[in-house]
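The values are calculated or read from the model by the stated rules, or taken from the named source; none is laboratory data. Nothing here was measured: the structure is a model prediction, and the numbers come from that model. Cβ placement follows ideal geometry from the backbone for every residue including glycine, while neighbour counts extend to all protein chains displayed.
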Amino acid sequence: MSGQTNKQDFANFLQLFDGDVDEAVHALREYEVSLRNRPITQEPSSPILISIDNLVKTYRVGHQEVRALNGVSLNIHEGEFVAIMAPSGSGKSTLLQLMGGLEKPTSGTVTVSSLDINKLNDRKLSEFRGKTIGFVFQFFYLQPFLSLEHNLEVPGMFARTKQREFQERARELAQIVGIGDRLKHLPKELSGGQIQRAAVARALMNKPRVILADEPTGNLDTKNRAAIIDLFEQIRKEYGTTIVIATHDSTIADRADRVFKLQDGVLI
């Protein structure tokens, strides 16, 4: 579109505001914000990896029943980068935990790669989590008494991977996420950004199909938030990993393929 056409379009738009440039510019900015904040619901053509149907989760707090999720249904496709946006207390962390088999729903189903994970016994569920899901939590959960290298190796130990293999994998992942020179350091000797990179590397140890991240940028400054989002995009591109992030950070939503918004336990 030519510059002349743009000028004419804006002149026509300006007439709607009786020539008031400030009002016209304000309206354009509000429109841009509304586009950024809209839920993105058009599904991609790749196969469905995670299917959630009418999911309900209630907790009992004293004599009160609290419904964290109230009939949530959605699909997430292979290789997607999805953001689940909601303020604190709206059910997004609960939804992530149910996707990963850390909790069981009160009702409804969670199907991952055609497997109804609610029907798995404890041994099968543990096996599913170890092979299919990589978790990245807001508070990192690195063992303070272990070096970074040994922290990265822990998932490989639980998966009964050969020692040489998980040691090599830990060093490889540390290089990929940019902390290869910190392997001998304890968590207390690392910056917040380095610790979060370590959490992402640890989640990748067993080559999961899905990474579930709960507020992974919540404790980071602007520069490190951007770096972590870049890292998730790099992982998705290089490994085809499906990324699902629960967050209230709008910068993640801006970069995601699709955005689901939760409020009081329901999609809006």
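Of note:
- Of the residues making up segment 155-175, just one is touching a Phe, Trp or Tyr at 6+ places or on another chain (Cβ under 7 Å) and either on the phi > 0 side of the Ramachandran plot or surrounded by 14 or more Cβ atoms within 10 Å (Cβ to Cβ) (or both), namely GLY156.
- Test: residue in segment 60-75 that is under 14 Å from the mean Cα position of the chain (by Cα) and polar (S, T, N, Q): no
Okay, residues lined up against (1) touching a residue at least 40 places away in the same chain (Cβ under 8 Å); (2) more than 25 Å from ARG258 (Cα to Cα); (3) buried (at least 21 other Cβ atoms within 10 Å of the Cβ):
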{"residue": "ASN75", "(1), (2), (3)": "no, no, no"}
{"residue": "SER88", "(1), (2), (3)": "yes, no, no"}
{"residue": "LYS92", "(1), (2), (3)": "yes, no, yes"}
{"residue": "GLU103", "(1), (2), (3)": "yes, no, no"}
{"residue": "ASN121", "(1), (2), (3)": "no, yes, no"}
{"residue": "LYS124", "(1), (2), (3)": "no, yes, no"}
{"residue": "TYR141", "(1), (2), (3)": "yes, yes, no"}
{"residue": "SER147", "(1), (2), (3)": "no, yes, no"}
{"residue": "HIS150", "(1), (2), (3)": "no, yes, no"}
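- Segment 43-93 - residue that is out of contact with any helix residue (DSSP H, G or I) (no Cβ under 7 Å at 6 or more places or on another chain) and among the basic types (Lys, Arg) and, of those, farthest from VAL210 (Cα to Cα): ARG60
- Scope segment 210-268; condition of a type in the set (Asp, Glu) and in contact with a His (Cβ under 8 Å, 6 or more places away or on another chain); matching residues: GLU215
- Every residue from segment 115-143 that is in a loop (DSSP other than H, G, I, E, B), at pLDDT below 90, more than 26 Å from ASN70 (Cβ to Cβ) and of a type outside the set (Phe, Trp, Tyr): LEU142, GLN143
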